[in-house]
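Beneath this line is the structure, given in structure tokens, with notes to follow.
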Amino acid sequence: MKDIILKAENISKQYRLGQVGTGTLSHDLNRWWHQIRGKEDPYLKVGEVNDRSTKGTSDYVWALQNINFEVERGEVLGIIGKNGAGKSTLLKILSKVTAPTTGSIKSRGRIASLLEVGTGFNGEMTGRENIYLNGAILGMTKKEITSKLDEIIEFSGCERYIDTPVKRYSSGMTVRLAFAVAAFLEPEILVVDEVLAVGDAEFQKKAIGKMQDISKGEGRTVLFVSHNMAAVKSLCTKTIMMENGRIVFEGNTNEGIDYYLKSNEYEGYRGRYVSEPTHKKSAFISLSLVDKENEVRTEFGFEEEIAIIIKIKIGEEALRGNVGFRVVDIKERVIFSSDVKISNFVDKEGECEFKVLIPQKILAPNSLKITFIYHIPNIAFIDYLADCLSFEIIETGSDFAQYPGLDFGCVLLDCEWKNLSN
Amino acid sequence: MFCKKRLFAFSIFFCTGKILLIVEVKVKKALQENSFKMNNVNDNKDWLFEITPKNKFFSLNFKEIWQYRDLLFLFVKRDVITVYKQTVLGPLWYLIQPLFTSVTFTIIFNNVAGINTGTVPPFLFNLAGITVWNYFTACLTGTSDTFKANASIFGKVYFPRIITPLSVVISNLLKFGIQFIIFITFYILYCFKGASLALSPLVLFFPVLIAVMGVLGLGLGMLISSMVTKYRDFSYLVTFGIQLLMYLSAVMYPMELIKNKIPAFGWLVEYNPLAYIIETSRYMLLNVGEISILGLSYTLIVTIAIFFIGLLIFNRTEKSFIDTV
């Protein structure tokens, strides 16, 4: 049997948009009048899906709608989604900061949250006093804190400053101290939101390591909300992807991250980009991705030849410049760059067109973006077009076709294998 | 023959074995079902807590508050520590305010307006009233913006919200204590100067009176803080209302006086529970005025009523105030 520690049933949360004013008062009175007569809240029926970018007709939106999930003991659940997808609202409900409009959450353990670090930190008090205060706010007793005080101070790495008021701390030190307190909390369920966005690399690594210890070694359950896919990937055993207040994906972390990345930016690929005709003397005019027949395309097979057609305007000063591009994949990993001297090809001003051939059977099946740079090396940028082309290499039978979802690198190289045993 | 027998025995053995096996499977199944059922039962019973949209009508979790007692203590400590930080005069501010107010009141109400305080020096009379009154206002103003002032903490972390107003009431006791020491100092000073002062034996009940005052301030503060979350109008009402309320609470005059001088408005003071507390505390400390059992019982009932109404509304608000604050 699964050991379910947390269960969310039909969680929904409605928010009223706009400002609190006389309109709110009339709605309150109306709601109260319905309540007296034993009727349902009239405003629960209205409300729209929460999409930040579209204009709605109603003053009410559903920040969360019909959220159902279960978390097992010892599981690290990642919650990902765009800004405004409802992640933080969900965590707020989980940590009892606000109540859901409908539905219920049942829990078998204490939940402590780390929604934003430094909660209740008082600048006037010393680090030590703040450890006690913060710990108590998070639900520890004084005795518990005293027994862990040394460990907390050591983990935070702020030993030197521990008796200095926190207002003298750098923001990084404050975060370290706050995370240290929370890391030594002993709730059965720990809720973490975006803490790792701050702090230096060394501390982030430490924090992730600590969270892994918490979930693996001590069997603690963690709910982790982040935009940092690397952190989600290394920590979470299961992932929920949210969109407009609903759960759109639930399951394996790797698949969840792919889902997130795809839905985020790669809604459509762009095979051709035409720059605005500018008054600049030197600039990109147009860029396109073409196949062997010079047709613009955005999807290429693994074994296909890919070419980039670059059309530029060359002014006088740009004659000593370079044109180059950089290819990055969906996880923002840079795969390769290419750069040429313009003077190798032309020696006078005017328009010029280049064709760049990208060798086939090297780029691994992936979603890719290209950034173009037109520059005088180490002196000036003439033109810069970030992520202006995007395309996909489709799996058409590489050696790794049998392992879908596995990350086997950005490029596939035909390595030579030899048998030495004979 | 032997072979047949053996076979027979074997087949019996085999059969029983099979039966045993079947029985075992059945038992296992039953057990499984049972455990499944039990698990279902567990599903409903075993939960530590449940987060739902609405509170029950009155749900104050005393056990939870007790668990967070260290937090209460730390909040009080924080208030005490941080209040004098970066001030030159520090706790002296606590002394300056009541002293200057008493002096002003003495000049205006006793010297100019000619209110008679009997055998008690007017300054001491006013100081007693102001000290007690100050505790009430500190509690009320401190608690009445609980939700607004702590929105940033409340928005991130859960703990029983009532801890915050409780800590305000307790840490203000300290402030009251300092101001009360001033009162005692002046009391002794006036005694040496030969004023005829006497404590009432009822002074033993003075702490109870102060507790009632604190509870009243807490109840009213919780009530107002809940309403401030949505409609800020109430916070203006508090600053303005407290000023007016002081004139209705017999702070700078004996209760008797208003009844005699303006009987038409005397009921305003008579129905004000605060007036009874201040009048009684002056009776206890200075042995002036009167003590009214009826008035005190009325005060007690009103205090308890306000406290529970405040608690009720506070509890209802704490669940989702963060959406409206």
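The table that follows gives values for the structure above.
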quantity: Residue in segment B:158-167 that is in contact with a Gly (Cβ under 7 Å, 6 or more places away or on another chain) and either part of a loop (DSSP other than H, G, I, E, B) or on the phi < 0 side of the Ramachandran plot (or both) present; calculated: yes
quantity: From B:Val215, B:Val208, B:Val203, residue being modelled with pLDDT under 85, out of contact with any strand residue (DSSP E or B) (no Cβ under 9 Å at 6 or more places or on another chain) and among the β-branched types (Val, Ile, Thr); calculated: B:Val203
quantity: Scope segment A:123-152; condition part of a loop (DSSP other than H, G, I, E, B), within 7 Å of chain B (Cβ to nearest Cβ) and surrounded by fewer than 20 Cβ atoms within 10 Å (Cβ to Cβ); matching residues; calculated: A:Glu124, A:Thr141
quantity: Subset tally (residues that are surrounded by 12 or more Cβ atoms within 10 Å (Cβ to Cβ) and charged (D, E, K, R)) for segment A:155-167; calculated: 1
quantity: Members of segment B:285-322 found to be at pLDDT below 85, surrounded by fewer than 20 Cβ atoms within 10 Å (Cβ to Cβ) and under 30 Å from B:Ile188 (Cβ atoms), listed by number; calculated: B:Asn287, B:Glu290, B:Ile291, B:Ser292
quantity: Within segment A:390-417, considering residues that are farther than 13 Å from A:Asn366 by Cβ and of a type in the set (Gly, Ala, Ser), the one modelled with the highest pLDDT; calculated: A:Ala401
quantity: Checking B:Asp145 against (1) away from chain A (no Cβ under 14 Å); (2) free of Cβ contacts under 8 Å to residues at least 60 places away in the same chain, the condition it does not meet; calculated: (2)
quantity: Number of positions in segment A:321-347 that are over 21 Å from A:Ile379 (Cα atoms) and either charged (D, E, K, R) or part of a strand (DSSP E or B) (or both); calculated: 9
quantity: Where B:Ala113 falls short, out of the listed (1) farther than 30 Å from A:Leu90 by Cβ; (2) at pLDDT 85 or above; calculated: (2)
quantity: Residue list for segment A:348-374, filter: part of a loop (DSSP other than H, G, I, E, B) and of a type in the set (Asp, Glu); calculated: A:Glu349
quantity: Test: residue in segment B:262-275 that is over 17 Å from the mean Cα position of the chain (by Cα) and either hydroxyl-bearing (Ser, Thr, Tyr) or within 14 Å of chain A (Cβ to nearest Cβ) (or both); calculated: yes
quantity: Test: A:Leu420 is under 30 Å from the mean Cα position of the chain (by Cα), exposed (fewer than 11 other Cβ atoms within 10 Å of the Cβ) and over 15 Å from A:Ser282 (Cβ atoms); calculated: no
quantity: Flag for A:Lys96 being under 20 Å from B:Tyr158 (Cα atoms), in contact (Cβ under 8 Å) with a residue 60 or more places away in the chain and basic (Lys, Arg); calculated: no
quantity: Residue selected from segment B:148-183 under the condition surrounded by fewer than 18 Cβ atoms within 10 Å (Cβ to Cβ) and without any contact (Cβ under 8 Å) to a residue 12 or more places away in the chain, by the criterion nearest to the other protein chains (Cβ to nearest Cβ); calculated: B:Ile153
quantity: Count - residues of segment B:259-284 that are surrounded by 13 or more Cβ atoms within 10 Å (Cβ to Cβ), farther than 23 Å from B:Gly217 by Cβ and not basic (Lys, Arg); calculated: 1
quantity: The lone exception for A:Ala180 - which of (1) under 29 Å from the mean Cα position of the chain (by Cα); (2) not in a helix (DSSP H, G or I) it fails; calculated: (2)
quantity: Qualifying residue in segment A:295-316 (condition: of a type in the set (S, T, N, Q), modelled with pLDDT under 85 and assigned by TED's automatic domain parsing to the domain that holds A:Tyr384); calculated: yes
quantity: Residue that is nearest to the chain's Cα centre (by Cα), among those in segment A:90-107 that are at the interface with another protein chain (Cβ under 7 Å from one of its Cβ atoms) and in a strand (DSSP E or B); calculated: A:Ile105
quantity: Qualifying residue in segment B:284-293 (condition: assigned to a helix (DSSP H, G or I), more than 14 Å from chain A (Cβ to nearest Cβ) and not hydrophobic (A, V, I, L, M, F, W, C)); calculated: no
quantity: Counted residues, segment B:228-258 - those being surrounded by fewer than 18 Cβ atoms within 10 Å (Cβ to Cβ) and part of a helix (DSSP H, G or I); calculated: 13
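The values are calculated or read from the model by the stated rules, or taken from the named source; none is laboratory data. Worth saying up front: this structure is predicted, and the values here are computed from it rather than measured. All Cβ positions, even for glycine, are placed from backbone atoms using ideal geometry, and neighbour counts span all protein chains on display.
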